[in-house]
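Asks: The following block contains the structure, expressed as structure tokens.
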Amino acid sequence: MKIVPLLLSAALLPFGGAAHAANRAVTDYLQRASAEATADLAAAGVDSGEGLTVQARVGSDGRLTGARVVKSSGSAEADQKAAKVLRRLRVGAPPNVLIGADVRIAIGPEQVLQAQNPQATNP
């Protein structure tokens, strides 16, 4: 399986003067998460077919909770395997802005991930 670098982006709500620091913390966290996710997905032999998208919530311990497939790869087995791998992913404490946020992770045919956080609100 070919592994390529991950492409990450996060859409954040304005944070006033703290926007730059929050943005940097989110970027750093997503880079760590993507590196670990790539390694874990490759080790599990996940074949994303034409691509799949998983949605999950970021927990305070850095674990993705409630991971579920929102766009299927066309293979129920690959979908289940990817969701299971991502549920076990624990990166460490996330920035406060990501705790409780819904994150979508798109896994493409070449293992390119995009983590988008369109609702970066702290509950």
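Only the coordinates and a few stated rules stand behind these numbers; no lab work does. These numbers were taken from a predicted model, which means no experiment stands behind them. With ideal geometry, Cβ positions are generated from the backbone for all residues, glycine too; neighbour counts draw on all protein chains shown.
Asks: Assuming a ≥ b ≥ c are the square roots of the Cα gyration tensor eigenvalues, decide whether segment 37-92 counts as rounded (a/c under 1.5), prolate (otherwise, with a/b larger than b/c) or oblate.
Replies: Oblate, since a/c reaches 1.5 and b/c is not below a/b.
Asks: Ranked from highest to lowest mean number of other Cβ atoms within 10 Å per residue, what is the order of the peptides 64-76, 32-44?
Replies: 32-44, 64-76
Asks: Could you list the residues of segment 33-54 with an amide nitrogen less than 14 Å from a label point located 7 Å from the Cα of residue 104 in the Cα-to-C-beta direction?
Replies: Inside the label zone: 52-54.
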